[in-house]
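The values are calculated or read from the model by the stated rules, or taken from the named source; none is laboratory data. Computed from a predicted model, the values in this text were never measured in an experiment. Cβ atoms come from the backbone with ideal geometry, glycine included; neighbour counts cover every protein chain shown. With ligands, DNA and RNA removed, areas are computed over all heavy atoms of the protein, side chains included. Shrake-Rupley method; radii C 1.70, N 1.55, O 1.52, S 1.80 Å.
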Amino acid sequence: MCGIVGYVGPKSTLEVLLGGLRRLEYRGYDSAGVSVIAPGGHLETRKKAGKLDNLIAEIQANPLEQAHIGIGHTRWATHGAPTDGNAHPHLGGPESKLSLIHNGIIENFAELKAELLAEGTRFASQTDSEVAAHLIAREFAKVGDLPTAFAKVVNRLHGAFTILVIHEEQPDVVLAARRNAPLVIGLGDGENFLGSDVAAFVEHTKRAISVGQDEIVILRADSVEVRTFNGEVVHPDEFTVDWDASAASKGGWSSFMAKEIADQPQAVADTLMGRLESDGSVKLDEMDGLSIADIGAIDRIVMVACGTASYACDVAKYAIEKFARIPVQVELSHEFRYRDPIVTPNTLIVAVSQSGETMDTLMATRFAKEQGAKVLSICNTQGATLARESDAVIYTHAGPEVAVASTKALTAQITAGMLLALWLANGRAAAGRATIPAAELQRLGLELLKVPAKVSEVLDGLDLARKLGKDMANAKSVLFLGRNVGFPIAMEGALKLKELAYIHAEGFAAGELKHGPIALIEEGQPVIVIVPSLRDEESLHPKVISNIQEIKARGARVIAVAEEGDHQVADYAEHVIFVPQTENIFSPILTVIPLQAFALELSTAKGLDVDQPRNLAKSVTVE
Ligand code: F6R
């Protein structure tokens, strides 16, 4: 889960590389480094443990020459501690003429290293990556052609890797290989780019190519060649990146997370755009890969995802089952993959991922495809592996999410889940198995159209959530309760607090309280309760009010998130954060936002880095 960037062209390579690394830093931030080939033809490398700023300080102290070709890396350590020596790039060969960066894990590195050690190769790091650097340098010394040497070695590597290489003796070319780790090419005019994702180069070009599994890229300033590991030339399709370059910068906000919370009205609106007509009807052109016949035949949906994305699935489950009456099972990708699950050709897999590179989710979908299931993905990143490997993709148009903690991607995923639920209900009707009256579907569509404006209203009313976050900077534990669609939001509220503020936090189904968790309640324990709508047909409101009374009686400090007009809740909760009224099933898009703001404020009050919490990387590209 490292970030990689490569460049060849007339611009200042260092600027391109550092700009790309800044936008990829979310992928890993325990060390960073760059290598360039200076005009005299010699390789120059700088690398440093810690965040990118440490590398920049190192380059200021020891400047690099102007160069027109180079590679850069930001690391999330797997093999070897995050030290200067283990930072990438790694140099290969006795004269260190080759430089290599790597994202992933080389599983057979021990045996390859033993082979090199037996020949007397000296290693400068504890990484698996350095092995590949020496192997390629050794092969190049034998065959004299870098692409040939590179292809030979990558064929010997097992595991997951994106590898980029430059060499002093072929100073016009960057070579790249991809197996089970992401790689995208950016096409410029007289210049070309490589990146872990399009954020690495979107500032310079919007023309991109996604590199396929087991493919090699030979990148020069005026040409791009893609071959398979076996040497066959391939002609992948080009696509246009629809992210705005400025969306990947902080733009005056104190953190990416603060900005991304504020981006949510746009993220939700953009995800609905072109898919929900002004009359409330749903149109999902991207579902071409799945016919009405496919939809008619589906007897079960399995949604797979990890972390926050899995909570989007939990919410979508309520909507799909309610609107389309198709049974939905939500599975953590890693649990699903390795327990011999039942998947048939009539199972629709819906994989949800912001990055589209989460290895656990990729493995789950690959496994399901092998069983004959169709895969639909809900993904935020164009050109991502998950999108490439799915039968159909609903892109969430949240724009680049840089902060490690997911915010706008989640609300966009829930929005896409709602669209999917309405679309499936329509598909069922078209297949002669209507589950809900057409007029009701249309009414729901019209309600969904109003949600982006309501998200803006929530953002305007976050003062109380922020104040409570600040006031609770010393809290040792915060509990979250929710019911129905509020339950996954309680889980998400707890996850945000764990990852950002490093305090104990747990989310419970409110109805589960008296089956155990109520024992945790003692005097002063903060509990945040997501209160269902008073207007809810399922009459969940009084049940949650009872839950609040039960915990209050045992000393809990109750903070409620409730809808405007809920005058009852104020009698029981110490504080109430109000959000606008909407359909209960859409309410998670609103109720989650105060929890995001609460966690951000609490973490900031503790002096922590909200964008880059400890031990985490944004995209988990290893299992
Ligand atoms: C939490 C968070 C993670 C991700 C999870 C899945 O704030 O961001 O839990 O949601 O790692 O990532 P994607 O959506 O990229 O598959």
Open to solvent by less than 10 Å² (accessible area, probe 1.4 Å), among the β-branched types (Val, Ile, Thr) and within 30 Å of Ser333 (Cα to Cα) - does that describe any residue in the range 611-622? yes
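Given the criteria among the β-branched types (Val, Ile, Thr), open to solvent by 10 Å² or more (accessible area, probe 1.4 Å), within 30 Å of Leu420 (Cβ to Cβ) and part of a helix (DSSP H, G or I), does Ile593 qualify?
Considered against the rule, which asks whether it is among the β-branched types (Val, Ile, Thr), open to solvent by 10 Å² or more (accessible area, probe 1.4 Å), within 30 Å of Leu420 (Cβ to Cβ) and part of a helix (DSSP H, G or I), Ile593 comes out as no.
Residues Asp471, Asp460: which one is over 30 Å from Glu523 (Cβ atoms) and open to solvent by 10 Å² or more (accessible area, probe 1.4 Å)? If you could, list the steps in order and put the result at the bottom.
Working: Asp471 fails: over 30 Å from Glu523 (Cβ atoms).
The conditions single out Asp460.
Mind checking which residues of the range 325-341 are in contact (Cβ under 8 Å) with a residue 60 or more places away in the chain and in contact with a strand residue (DSSP E or B) (Cβ under 6 Å, 6 or more places away or on another chain)? Please lay out each step first, then the result.
Step one: filter the range 325-341 for residues in contact (Cβ under 8 Å) with a residue 60 or more places away in the chain, giving 325-326, 334.
Hit for the range 325-341 is Ile326, nothing else.
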Looking at the range 557-572, which of the residues that are at pLDDT 95 or above and small (Gly, Ala, Ser) is surrounded by the fewest Cβ atoms within 10 Å (Cβ to Cβ)? Ala560
If you scan the range 201-243, which residues turn out to be polar (S, T, N, Q), assigned to a strand (DSSP E or B) and under 15 Å from Gly186 (Cβ atoms)? Ser210, Thr240
State which residue is nearest to the ligand (Cβ to nearest atom) when the search covers only the range 601-610 and only residues that are buried (at least 22 other Cβ atoms within 10 Å of the Cβ) and not hydroxyl-bearing (Ser, Thr, Tyr). Val610
Does the range 367-376 include one or more residues that are within 11 Å of the ligand (Cβ to nearest atom), assigned by TED's automatic domain parsing to the domain that holds Gln264, modelled with pLDDT of 90 or more and out of contact with any His (no Cβ under 7 Å at 6 or more places or on another chain)? no
Can you say whether Glu203 is modelled with pLDDT of 95 or more, among the acidic types (Asp, Glu) and either outside the structural domain of Gly72 (by TED's automatic domain parsing) or surrounded by fewer than 24 Cβ atoms within 10 Å (Cβ to Cβ) (or both), as far as the supplied structure shows? no
Here, helices (runs of 4 or more DSSP H) confined to the range 391-503 with at least 2 residues that are within 16 Å of the ligand (Cβ to nearest atom) and in contact (Cβ under 8 Å) with a residue 24 or more places away in the chain are 408-430, 486-501
Quick one: in the range 329-340, which of the residues that are open to solvent by 10 Å² or more (accessible area, probe 1.4 Å) and either away from the ligand (no atom under 16 Å from the Cβ) or of a type in the set (Ser, Thr, Tyr) (or both) is modelled with the highest pLDDT? Gln329
For the range 341-351, indicate whether the set of residues that are in a loop (DSSP other than H, G, I, E, B), buried (at least 21 other Cβ atoms within 10 Å of the Cβ) and in contact with a Cys (Cβ under 9 Å, 6 or more places away or on another chain) is non-empty. no
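Matching residues to (1) assigned to a loop (DSSP other than H, G, I, E, B); (2) in contact (Cβ under 8 Å) with a residue 40 or more places away in the chain; (3) surrounded by 14 or more Cβ atoms within 10 Å (Cβ to Cβ):
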residue	(1), (2), (3)
Ala267	no, yes, yes
Gly274	yes, no, no
Ser278	yes, yes, no
Met287	no, yes, yes
Asp294	no, yes, yes
Val302	no, yes, yes
Val315	no, yes, yes
Ile320	no, yes, yes
Phe323	no, yes, yes
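Test Asp314 against the stated conditions and say whether it is among the acidic types (Asp, Glu) and either farther than 29 Å from Ala403 by Cβ or touching a His at 6+ places or on another chain (Cβ under 7 Å) (or both). It would help to see each step written out before you state the result.
Details: among the acidic types (Asp, Glu): yes; either farther than 29 Å from Ala403 by Cβ or touching a His at 6+ places or on another chain (Cβ under 7 Å) (or both): no.
Spelling it out, it is not the case that Asp314 is among the acidic types (Asp, Glu) and either farther than 29 Å from Ala403 by Cβ or touching a His at 6+ places or on another chain (Cβ under 7 Å) (or both).
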Please identify the pairs in which a residue from the range 80-107 that is of a type in the set (Lys, Arg) has its Cβ atom under 8 Å from the Cβ atom of a residue that is assigned to a loop (DSSP other than H, G, I, E, B), counting only partners at least 6 apart or on another chain. Lys97/Glu168; Lys97/Glu169
Identify, please: which residue in the range 506-546 is open to solvent by 40 Å² or more (accessible area, probe 1.4 Å) and assigned to a helix (DSSP H, G or I) and is, among those, nearest to Glu564 (Cα to Cα)? Pro542
Restrict the check to the range 20-31 and report whether at least one residue is part of a strand (DSSP E or B) and touching a residue at least 40 places away in the same chain (Cβ under 8 Å). yes
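Restricting to the range 360-381, give me the number of residues that are on the phi < 0 side of the Ramachandran plot and surrounded by fewer than 20 Cβ atoms within 10 Å (Cβ to Cβ).
Of the residues in the range 360-381, the ones on the phi < 0 side of the Ramachandran plot are 360-371, 373-381.
Still in the running and surrounded by fewer than 20 Cβ atoms within 10 Å (Cβ to Cβ): 363, 366-367, 369-371.
So the count comes out to 6.
Yes or no, residue by residue, for (1) in contact with an Asp or Glu (Cβ under 9 Å, 6 or more places away or on another chain); (2) over 30 Å from Ser223 (Cβ atoms):
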{"position": "Lys11", "(1), (2)": "yes, no"}
{"position": "Leu18", "(1), (2)": "no, no"}
{"position": "Arg23", "(1), (2)": "yes, no"}
{"position": "Ser31", "(1), (2)": "yes, yes"}
{"position": "Gly41", "(1), (2)": "yes, no"}
{"position": "Ile71", "(1), (2)": "no, no"}
